[in-house]
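Got a structure here, written out as structure tokens. Questions coming.
The values are calculated or read from the model by the stated rules, or taken from the named source; none is laboratory data. Note that this is a predicted model, so its numbers are computed, not measured. Because the Cβ atoms are built from the backbone with ideal geometry, glycine has one as well, and the counts that use them run over all protein chains shown. The protein model used for the area step is the full one, side chains on, heavy atoms only, and it has no ligands, DNA or RNA in it. Shrake-Rupley method; radii C 1.70, N 1.55, O 1.52, S 1.80 Å.
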Amino acid sequence: MPSFVQILDFIGTFAFAISGIRLASAKRFDWFGAYIVGFVTAIGGGTIRDVLLDVTPVWMTDPIYLICTAFAMFFVIIFRKYLIKLNNTFFIFDTIGLALFTVVGCSKSLSLGYPFWVAIIMGSITGAAGGVIRDVFINEIPLIFRKEIYAMACVAGGLAYWLCLRAKMEAFGAQVVGGIVVFLVRIMAVQYHLTLPILKGDPEIEAGEKE
């Protein structure tokens, strides 16, 4: 039987793959192109995490990630009319994937013996890096580089997860809390237009760009 973390990983893969395929369809990619975008969205962050942690990327040892992406592809094809009508479809699935993958990244890093601060960074990479690759593939400015709160939601969730473990909470409960924190921070940031301060540059350069 798969562990709870593995179940979260599979659900996150499905959710992130849908978010990538949904955006690829909006850009009128063909089926193969849309599948590739969905796949790299789903496994991109985990691959970077595993390379940094010096372990074999999980998708190279288990075909379930390819299969999950295929199911996501068929899901988008079958329910495309309903998904198109729902303007917030991408946001919902992207936020779900972000929350689940953050918890998976933190949990895996801690299980390998790394300190909590490394776990939080790896959780953020797992959650956000796939979206960066997706946005590059579809020629968009990655969400993580905009003023929207995206990666900071992963950091908040990772901190909540670690604090719950420090408080002697069961791993299952800590994972649930961490995922909920990521989800709520992202939802609230968009709902109430919460953003990080913009780094000001050279006034002369900015004036020239506006002209």
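Only loop residues by DSSP count here, and only those with at most 14 other Cβ atoms within 10 Å; note down the trypsin sites (Lys or Arg not before Pro) in region 21-68 that meet that.
Passing sites in region 21-68 are Lys27, Arg28.
Given contacts defined as C-alpha pairs under 8 Å and at least six residues apart, what's the relative contact order of the chain, whole-number percent?
It comes to 22 percent, rounded to a whole number.
Once the dipole of region 1-124 is set up with Lys and Arg at +1 and Asp and Glu at -1 on Cβ about the Cα centre, which of Val40, Trp59, Thr89 lies farthest towards its positive end?
Checked the options; the winner is Thr89.
Once fully extended, how much extra length lies between Thr195 and Arg80, figured as 0.36 nm per residue of separation less the alpha-carbon to alpha-carbon distance?
This chain segment gains 38.3 nm when fully extended.
Indicate the gyration tensor shape class of region 1-128 (rounded, prolate or oblate), computed on the Cα atoms with a ≥ b ≥ c the square roots of the eigenvalues: a/c under 1.5 is rounded; otherwise a/b larger than b/c is prolate and the rest oblate.
Prolate shape, in that a/c is at least 1.5 and a/b is the bigger ratio.
Specify the inter-centroid distance of region 28-49 and region 66-81, based on alpha-carbon positions, in whole Å.
So the separation of the two Cα centres works out to 13 Å.
Calculated FRET efficiency, Thr61 and Asn139, Cβ-Cβ r, R0 35 Å, to nearest 0.05?
Approximately 0.65, to the nearest 0.05.
Counting each DSSP H run of 4 or more residues in the chain as -39500 (n - 2.57), what helix-only mean residue ellipticity at 222 nm follows after dividing by all residues, to the nearest 500 deg cm²/dmol? Spell out each step's value before the answer.
Numbers: 9 runs with 156 residues, N = 211.
Helix-only estimate at 222 nm: -25000 deg cm²/dmol.
Please work out the average accessible area per residue across the chain, using the 1.4 Å probe convention, and give it in Å².
56
Sticking with this one: I'd like to verify something in the chain: which complete DSSP H helices, judged by Cα projection on the helix axis, reach 24 Å or more and average at least 1.6 on the Kyte-Doolittle scale?
171-191
Rounded to the nearest percent, how much of the accessible area of region 1-137 (1.4 Å probe, protein heavy atoms only) is carbon and sulfur?
C and S fraction of accessible area: 73 percent.
With charges only on Cβ, +1 for K and R and -1 for D and E, what is the dipole size of the chain about its Cα centre, in debye, rounded to 20?
600
Hey, another quick one. With +1 on each Lys and Arg Cβ and -1 on each Asp and Glu Cβ, how big is the dipole of region 1-75 about its Cα centre, in debye rounded to the nearest 20? The partial results should precede the final answer.
On the way: 4 positive and 5 negative charges, 74 e Å.
Dipole size: approximately 360 debye.
Between Phe32 and Ala167, what length in nm is gained on full extension when 0.36 nm per residue of separation is reduced by their alpha carbon distance?
43.9 nm
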